[in-house]
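Input: a single structure, listed below in structure tokens.
The values are calculated or read from the model by the stated rules, or taken from the named source; none is laboratory data. What you see is a predicted model; the values in this text were computed from it and never measured. Heads up, the Cβs are rebuilt from the backbone with ideal geometry, glycines too, and the neighbour counts pull from every protein chain shown. For accessibility, only protein heavy atoms count, side chains too; no ligands or nucleic acids. Shrake-Rupley method; radii C 1.70, N 1.55, O 1.52, S 1.80 Å.
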Amino acid sequence: MSKILTVSKFLRQGWLSGRHYTSGEWRSQTRLLSVKAQTAHLVLEDGTVMKGYSFGSPHSSAGELVFNTGLVGYPEALSDPSYRGQILTLTYPIVGNYGVPNTQERDELGLRKNVESDHIQVSGLLVQDYSHDYSHWKSVKSLAQWLQEEKVPALYGVDTRMLTKIIRDKGTVLGKIEFEGQPVEITDPNKRNLVAEVSTMVIVFGKGNPIKVVAVDCGIKHNIIRLLVKHGAEVHLVPWDQDLMCLEYDGLFLSNGPGDPALADTLIQNVRKVLESNRPQPVFGICMGNQITALAAGAQSYKLPMGNRGQNQPVLNMMTGQAFITAQNHGYGIDSKSLPPGWIPLFVNANDGTNEGIMHSTKPIFTAQFHPEARGGPTDTEFLFDAFMSLIKKGKDGTIVSVMPKKPAVSKVLVLGSGGLSIGQAGEFDYSGSQAVKAMKEENLKTVLMNPNIASVQTNEVGDKQADSVYFLPVTPQFVTDVIKAEKPDGILLSMGGQTALNCGVELFRSGVLQQYGVQVLGTPVESIIATEDRQVFADKLMEINEKIAPSVAVESVADALKAAEGIGYPVMVRSAYALGGLGSGLCADGRKLEEIATKALAMSSQILVEKSLLGWKEVEYEVVRDVADNCVTVCNMENFDPLGIHTGDSIVVAPSQTLSNEEYHMLRETAIKVVRHLGIVGECNIQYALHPTSLEYCIIEVNARLSRSSALASKATGYPLAFVAAKLALGIALPDIKNAVSEKTTACFEPSLDYIVAKIPRWDLDRFHGMSREIGSAMKSVGEVMAVGRTFEESIQKALRMCHPSVDGFVPFLPLKRSWAEEFDLRQELAVPSSTRIFSIAKALHDGVSVDQIHELTAIDKWFLYKLRRITELDDLWSSHTMHLQNKLIRSMELHYRPKPDCIMVTWAQTFCLELRTH
């Protein structure tokens with residue numbers, strides 16, 4: 001033991017490299033991923049120096065340090081002209097996952113199709129972890145290749161979390177990326193007229209369209225032009241200093257752009273002439289366009305402490321009270337108090353109260369500080385382009401002020417718990433129920449709880465989650481009716497107790513009990529619940545909004561199921577209505593298997609759905625919340641490690657998704673919001689997708705109009721208390737009026753932006769049942785799950801695997817309990833057929849030299865995940881070799897959360913080294 005402490009002391013003093021490290025430098029050192037990478041330094045103006053490893057062009061560069069909190073969209077961000085002169089820090093730790101699409105490909109307008117300008121605009125890029133191996137059907141090169149082609153420096157191995165904190169604390173931070181032998185001075189790009197640097201000459205897009213829009217180019221993004229043309233405009237792009245009074249147009253557009261708006265004085269004067277001339281043509285400005293319009297009107301601008309950049313900024317419409325999640329990228333703001341008479345704020349930031357747009361009280365002029373064109377980011381406010389074109393067509397303000405719905409008046413609420421524990425319905429609904437009781441009590445409502453399970457938190461006798469009355473009775477229509485008669489509640493919550501509570505509530509509604517006793521269903525209406533649970537109604541509802549579902553037929557007999565399968569074609573998937581944990585579902589390759597599964601399913605449910613099999617597609621899900629005012633946010637998106645065909649409860653799941661591009665991520669997000677609004681869900685719900693692995697084709701699998709198993713995972717992964725918020729929403733409280741439970745200052749109307757990755761792995765108890773098959777499918781078999789958090793996929797997956805069982809030492813080629821592989825073991829079969837032990841079969845395959853391509857072909861698991869797992873197995877070879885210095889072995893082992901085999905004293909040093917770094 002004394003020897004370990006001695007080594008620990010030497011490590012703490014920098015023994016491995018002969019120097020003393022500060023705690024910040026230690027963190028930076030631990031993020032070394034490749035000892036062969038060229039090193040460089042990030043130098044801040046206050047003298048702070050951070051070491052990093054180059055994956056871009058080895059050229060020194062200076063600029064203003066900013067950070068972006070987006071989870072996807074790095075190709076779009078890097079090519080956004082608004083980032084001109086800035087060194088961009090991406091807070092999400094893993095970057096480069098999906099490579100880079102063809103940056104030269106052009107659309108029908110001649111614009112770059114996959115990026116936002118003709119080249120990379122940032123002065124440099126900083127990330128924590130770079131994915132050298134990428135995987136995406138649209139990618140043609142790596143992020144590193146693109147950066148090198150454009151001669152833009154980039155570093156990984158930088159502690160982006162610490163760097164973000166510095167920027168938050170100090171506000172504006174200048175710095176430089178400096179390579180040895182290439183000194184460069186730190187300069188402030190905001191002292192230059194950056195708008196002039198990115199502006200263009202006169203170009204016309206959409207020639208022949210009926211409406212002529214003059215767009216002043218302050219650094220316009222390609223998608224803005226694309227959307228204007230899409231909405232019927234012939235866009236005449238003009239340079240920033242163009243005299244606007246001599247031009248004829250139907251509408252004037254002022255674009256986004258970089259830097260200090262006050263330096264674009266010529267443009268400000270030109271816009272002021274337009275405003276003072278009383279020209280009737282509408283004016284619309286975005287980002288820089290908002291600032292220019294305000295300055296031209298006589299308002300004042302100022303430098304924001306750290307700027308608003310990312311894809312999750314909540315904005316309130318001051319006319320309607322509605323909230324939107326927006327993409328933003330600006331370092332300057334407008335002082336709303338300085339607006340002259342006749343001008344009023346149109347949008348404000350729901351978090352910090354800063355101005356997000358202005359409008360004239362009588363003229364058709366309005367602006368938005370955020371980016372409604374997205375790319376990257378959410379498309380929630382794309383309707384502003386419609387509003388602009390409507391103003392042009394109508395010649396007057398076409399904004400409609402919505403009426404906020406009234407809150408339901410209730411004084412006593414009945415909360416239905418989940419009942420007894422079962423596979424697919426266990427502790428996660430104890431969590432949601434207890435959070436609901438807490439929310440009800442916070443609103444000073446009397447709370448009645450029904451739950452027969454005494455071993456739960458929500459039935460505790462004491463504590464802040466204690467209900468006023470608790471009934472230990474089965475959650476069935478008969479007993480719930482008796483409680484309603486005795487307690488006379490005003491409202492009932494159905495969405496907190498899983499499928500049991502939901503099914504019970506539907507029966508009470510259909511039998512007229514709720515109407516008879518005047519009990520209103522809080523949150524999602526029962527009609528919406530039925531629309532999500534009844535497979536045929538669900539399919540019909542989605543068809544109404546032209547959304548995509550797999551070809552399917554709802555049937556109520558085995559004969560009809562066989563007939564439906566003949567029409568669809570085998571293989572088919574069977575799903576049960578009103579079922580829990582995929583009970584009664586299964587994949588059917590032929591009529592015999594279908595008859596077997598359908599017979600069992602119809603014994604438990606009155607209806608089944610026979611649908612086309614989408615086996616091999618990716619499975620992705622979103623957790624969505626919506627309030628009575630139609631404010632809607634997606635709190636978390638998750639991606640299954642396994643392809644479609646395995647129940648989410650039995651699959652490894654990562655949050656957020658790792659292999660989706662900005663286009664895919666926001667396509668599915670937009671669809672989720674569209675579907676939730678159409679179904680009329682109020683509160684929290686979960687929507688699951690099948691996404692084709694090599695195209696943008698997708699299908700909606702199902703919507704759970706209740707708290708689900710994934711909801712508990714999403715809550716813990718993001719820190720967003722979904723059940724608590726959903727209970728508040730059920731009372732008619734709007735999202736912007738609910739406080740963020742973490743900060744207690746900002747609003748709950750936001751979408752969490754993570755700087756870590758979460759991995760969930762199921763736990764099994766199949767050994768207790770002799771003869772039980774280890775194969776898994778669409779019917780859930782796992783009895784629990786573990787969740788791990790890490791800064792890399794490798795770290796989180798290693799942690800999660802170790803928590804599954806004491807005998808599992810991470811991603812290893814051994815079965816739990818160190819069991820030997822069966823004598824008749826067929827590795828190809830083990831990989832091809834999903835089972836509870838397939839993750840260990842993958843480890844064995846990689847150790848045996850099976851390639852990633854071969855494993856992908858057998859499993860359909862995305863190659864990015866397999867590349868990451870391969871890095872873990874490569875460390876075994878690294879520790880067996882003598883070609884790398886001990887320090888580098890230790891650093892790489894810690895990065896991947898890897899434990900070397902305990903067969904040499906080096907292991908003790910490695911564990912001690914890792915422990916020391918984590919405690920500093």
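This model, with +1 at the C-beta of Lys and Arg and -1 at the C-beta of Asp and Glu, gives the chain a dipole about its Cα centre of some 1360 debye. The order of Asp642, Asp737 by accessible area, most exposed first and with a 1.4 Å probe, is Asp737, Asp642. Each Lys and Arg contributes +1 and each Asp and Glu -1, all at the Cβ; summed about the Cα centre of segment 96-139, the dipole is approximately 40 debye. In order along segment 347-354, phi translates into HN-Hα couplings of 10, 9, 6, 5, 8, 9, x, 6 Hz, rounded to whole numbers, per the Karplus curve 6.51 cos²θ - 1.76 cosθ + 1.60 with θ = phi - 60° and x for Gly and Pro.
Average accessible surface for the chain: 38 Å² per residue, computed with a 1.4 Å probe over protein heavy atoms with every protein chain in place.
Note on segment 568-657: dipole from Cβ charges, positive end direction compared against His647, Val572, Thr634; the farthest Cα belongs to Val572.
For segment 86-93, backbone phi angles converted through the Karplus equation (6.51, -1.76, 1.60; θ = phi - 60°) give residue-by-residue couplings of 10, 9, 8, 9, 8, 6, 5, x Hz, Gly and Pro being listed as x. Considering amide H positions built from the backbone, and no H for Pro or chain starts, which residues 5 or more places from Gly99, or on another chain, come under 5 Å of its amide H? Under 5 Å from the amide H of Gly99: Ser135, Leu143. Amide H contacts under 5 Å for Phe67: Thr89, restricted to partners 5 or more places along the chain or on a different chain, H placed in the peptide plane at 1.01 Å from N.
For the chain, the share of accessible area belonging to carbon and sulfur comes to 52 percent (1.4 Å probe, ligands and nucleic acids excluded).
Annotation: lysines with alpha-carbon distance below 23 angstrom to Lys394 (same-chain offsets under eight excluded): Lys207, Lys212, Lys230, Lys363. For segment 500-575, a simple Cβ point-charge model (Lys and Arg +1, Asp and Glu -1, everything else neutral) yields a dipole of about 120 debye relative to the Cα centre. Over the C-alpha atoms of the chain, the Rg to Rh ratio, Rh being the Kirkwood estimate, stands at 0.98. To the nearest 10, the accessible area of Val229 is 20 Å² with a 1.4 Å probe.
Partner lysines whose Cα lies under 25 Å from the Cα of Lys818, excluding those fewer than 8 positions away in the same chain, are identified as Lys760, Lys781, Lys799, Lys844, Lys868, Lys901. Here are some pairs, Lys151/Lys176; Lys138/Lys618; Lys113/Lys674; Lys541/Lys674; Lys170/Lys716; which of them have Cα atoms lying more than 21 Å apart in this structure? Pairs exceeding 21 Å: Lys113/Lys674; Lys170/Lys716.
Relative to the globular-protein estimate of 2.2 N^0.38 Å, the Cα radius of gyration of segment 196-253 stands at 1.03. If you take the Cα centroid of segment 57-89 and the Cα centroid of segment 624-650, the two points sit 30 Å apart. Shown in residue order for segment 236-249 are the 3J(HN,Hα) couplings computed by the Karplus curve 6.51 cos²θ - 1.76 cosθ + 1.60 at θ = phi - 60°: 9, 7, 10, x, 4, 9, 5, 5, 8, 5, 8, 9, 9, 7 Hz (x for Gly and Pro).
Qualifying trypsin sites (Lys or Arg not before Pro) in segment 486-580, where qualification requires a DSSP coil assignment and no more than 11 other C-beta atoms within 10 Å, are lacking entirely.
In this structure the amide hydrogen of Gly784, modeled in the peptide plane, comes within under 5 Å of the amide hydrogens of Arg763, none closer than 5 places in sequence on its chain.
Which values of log₁₀ I(q)/I(0), to two decimal places, follow from the Debye formula for segment 810-859 at q = 0.26 Å⁻¹ with a uniform point scatterer at every Cα? Debye intensities relative to I(0), on a log10 scale: -1.06. Please report the projected area of segment 176-329's Cα convex hull averaged over all directions, in nm². If I average the Cα hull's projected area over directions, I get 11.8 nm². Partner lysines whose Cα lies under 18 Å from the Cα of Lys446, excluding those fewer than 8 positions away in the same chain, are identified as Lys407, Lys412, Lys438, Lys465, Lys485, Lys488, Lys728.
Peptides 825-836, 646-657 ranked from most to least packed by the mean count of surrounding Cβ atoms within 10 Å: 646-657, 825-836. Ordered from largest to smallest accessible area (heavy atoms of protein chains, 1.4 Å probe), the residues Arg309, Arg106 come out as Arg106, Arg309.
Largest first, how would Tyr53, Tyr134 line up by accessible area (1.4 Å probe)?
Tyr134, Tyr53
The peptide list 705-716, 802-813, 670-681, put in order of mean Cβ contacts within 10 Å with the highest first, becomes 705-716, 670-681, 802-813.
Mean sequence separation of contacting Cα pairs (under 8 Å, at least six apart), scaled by the length of the chain, corresponds to a relative contact order of 10 percent.
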